[in-house]
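All remarks here apply to the structure that follows.
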Amino acid sequence: MALLNRSLKLVLTTLLLLSLSSLGRMPVAQAMPLLPGSSVQPLVAYLPPGNAITNGKALLRYSLPIDNSEIRKVQRTLEGLSEWLRSKRWGPVKKDITTVERTLNRKGDQILAAVTPEHKAAAEALIASLSADLEGMRTALEARDREAIWEIRDQMLDQVGEIESYMVKGFPYEVDAAYADRPLLKGRAAVEITTTQGPVTVVVDGYSAPVTGGNFVDLVQRGFYDGLPFIRAEDFYVLQTGDPEGPDEGFIDPKTQEYRAVPLEILVKGDTQPVYGETLEALGRYMDDPVLPFSAYGTVAMARPEENPNGGSSQFFFFLFEPELTPAGLNLLDGRYSVFGYVTKGKEILREIKQGDRVESAKVVSGQENFVTPS
């Protein structure tokens with residue numbers, strides 16, 4: 001049965017990728033050697049062992065450029081509660097609550113020591129709040145109230161993410177000189193996109209994609225996306241918008257009257273800065289993991305012409321990840337398109353958007369201070 005399920009997922013994934021490959025600016029087929037006696041090139045998806053992180057907020061937490069093992073231990077333990085809650089294994093839940101409590105009590109000073117001075121008071125209050133939340137979680141555990149534990153867990157993880165954001169000490173690297181004169185996002189920003197179906201909030205991660213994120217925030221601030229339609233809305237696949245006039249159009253800079261082309265930008269785990277201009281496949285880095293992968297429902301990435309990795313401009317898409325249709329871990333989108341953020345609110349709205357629906361407005365609601373305009 002396990003082999004059958006694995007084969008079924010591979011077939012479903014292949015169908016998904018074939019559908020995506022027909023989306024004009026979003027081809028995802030990966031050419032492989034021809035099968036003997038066949039004129040058809042098969043699509044091959046990589047199915048690694050283990051479970052991918054499928055929550056955008058979790059991916060944003062893990063992608064922060066920090067190095068504090070104690071707060072990461074608290075985060076990982078709270079994230080891991082999901083496995084026990086799904087299977088209603090109350091013993092491991094109790095054990096993990098104790099692990100978090102001990103870490104906060106014994107290592108709280110080490111956590112605070114990693115926080116920037118101006119945020120220490122706020123971080124201290126958050127640690128106290130986390131400790132108080134653990135008591136509420138214990139009460140819910142005694143009542144076997146799974147939904148209450150989920151709710152408290154999510155609240156605690158938001159607080160952990162806030163503490164982790166206070167540990168970031170400036171922007172971690174110099175942006176490649178070839179793109180230093182672009183609009184840049186040196187940090188994070190939240191953008192609220194109001195659609196005809198309701199509002200969606202995207203957190204844009206400039207730590208991992210400063211050029212792509214800066215371009216997006218710049219266009220948001222210009223009002224570029226206001227009124228634009230969703231030109232593709234494929235159930236379980238993608239939502240795409242950002243086309244001002246027609247296929248293959250993008251942003252024309254009013255100062256230069258030229259098409260603003262955005263380079264492919266991918267930060268790989270273990271690298272100190274993003275790679276530009278080449279897919280990971282072209283670089284021979286087939287097994288390397290992007291910091292921002294296509295593993296969460298509501299992943300936000302730049303669309304681009306099939307033949308030009310550096311031809312993106314204004315069009316972007318929401319990837320509608322579904323566990324039953326997309327393999328855990330690496331897939332054929334990772335390393336081929338620039339991910340620059342995740343939907344953190346309004347995921348349910350994405351399911352309602354159809355082709356022809358519109359972006360009524362888009363605005364930066366936080367993180368404006370991290371946006372850097374060209375000098």
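Of the peptides 342-353, 258-269, the ranking by mean beta-carbon count within 10 Å, highest at the top, reads 258-269, 342-353.
Pairwise inverse Cα distances across the stretch 205-313, averaged and inverted, put the Kirkwood hydrodynamic radius at 15.3 Å. For the stretch 208-348, the solvent-accessible area with a 1.4 angstrom probe is 36 square angstrom per residue. Ranked by the mean number of other Cβ atoms within 10 Å of their residues, highest first, the peptides 99-107, 298-306 come out as 298-306, 99-107. FRET efficiency for residue 106 and residue 279, Cβ-Cβ distance as r, R0 = 56 Å, nearest 0.05? Efficiency computed from Cβ-Cβ geometry: 0.80. Projected onto its three principal axes, the C-alpha set of the stretch 85-128 covers 42, 19, 14 Å, listed from the longest axis down. The Cα atoms of the stretch 193-264 cover 36, 31, 22 Å along the three principal axes, with the biggest extent listed first. Here the peptides 116-124, 203-211 are ranked by packing, the mean other Cβ count within 10 Å, and the order with the highest first is 203-211, 116-124.
Potential lengthening of the chain between residue 143 and residue 181 amounts to 7.9 nm, from the contour at 0.36 nm per residue minus the alpha-carbon distance. At full extension, residue 88 and residue 249 could sit 52.9 nm farther apart than now, given 0.36 nm per residue minus the alpha carbon distance. In a reduced charge model with +1 at each Lys and Arg Cβ and -1 at each Asp and Glu Cβ, the stretch 80-215 shows a dipole moment near 540 debye about its Cα centre. Rolling a 1.4 Å probe over the protein heavy atoms gives the stretch 56-203 an accessible area of 48 Å² per residue. Extents of the stretch 266-375, taken as max minus min of Cα coordinates on every principal axis and listed largest first, are 47, 41, 27 Å.
Distance from the Cα centroid of the stretch 271-309 to that of the stretch 93-131 is 34 Å (rounded to whole angstrom).
With all protein chains in place and a 1.4 Å probe, the accessible surface of the stretch 242-375 carries 47 percent carbon and sulfur. Based on C-alpha pairs under 8 angstrom that are at least 6 apart in sequence, the stretch 86-211 has a relative contact order of 20 percent.
Please work out whether the stretch 77-203 counts as rounded, prolate or oblate from its C-alpha gyration tensor, where a ≥ b ≥ c are the square roots of the eigenvalues and a/c under 1.5 means rounded, while otherwise a/b larger than b/c means prolate and anything else oblate?
Working: a/c = 2.58, a/b = 1.52, b/c = 1.70.
Oblate.
Treat the stretch 128-243 as a sphere of radius equal to its Kirkwood radius over Cα pairs and apply Stokes-Einstein at 10 °C in a medium of 1.306 mPa s; give the translational diffusion coefficient in µm²/s, rounded to a whole number. In µm²/s, the coefficient rounds to 90. In vacuo Debye scattering of the stretch 45-126, one point per C-alpha: log10 I(q)/I(0) at q = 0.11, 0.17, 0.21, 0.24 Å⁻¹? Calculated log10 I(q)/I(0) at the listed q: -0.39, -0.84, -1.11, -1.25.
The values are calculated or read from the model by the stated rules, or taken from the named source; none is laboratory data. All values reported here derive from a predicted model rather than from experimental measurement. FYI the Cβ positions are ideal-geometry reconstructions off the backbone, even for glycines, and counts take in every protein chain you see. When the accessible area is computed, the model is the full protein with side chains, heavy atoms only, and any ligands, DNA or RNA have been set aside. Shrake-Rupley method; radii C 1.70, N 1.55, O 1.52, S 1.80 Å.
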